[in-house]
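Remarks on the structure that follows.
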Amino acid sequence: MKKHELKIDSILYKAVRTGVKTAEIRKDDRNYQVGDILIFSPVDNLTQKSVSPDFCCREVTHKLDGGQYGIEKGYCLLSMKNI
């Protein structure tokens, strides 16, 4: 199990934080695995600067590798749950 600190647009962050958004498409440059912990921090989409010291953690429950089902190769779809 690895922990990944990730920046996310502040609008999408709110959806993750409230549990409405339960999946995330990411470039698979960190070798994400089921059981990994995603630590999301909200940022301004244009500047990529932090907009709040807030963060939330989610556990990866399923990973769909790119190159199939419409996911571009080199990316992955991560399903996640609150922990």
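Structure above, values below:
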{"quantity": "Residue among F40, F55 that alone is surrounded by 14 or more Cβ atoms within 10 Å (Cβ to Cβ), of a type in the set (F, W, Y) and under 14 Å from L78 (Cα atoms)", "calculated": "F40"}
{"quantity": "Selection count, the stretch 58-83, where residues are loosely packed, with under 13 Cβ neighbours inside 10 Å and either charged (D, E, K, R) or within 11 Å of the chain's Cα centre (by Cα) (or both)", "calculated": "3"}
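Every read-out reported here was derived from the displayed coordinates using simple, explicitly stated rules and does not represent laboratory data. Model, not experiment: these values are computed from the prediction. Every residue, glycine as well, gets a Cβ built from its backbone with ideal geometry; the counts of neighbours run over all protein chains shown.
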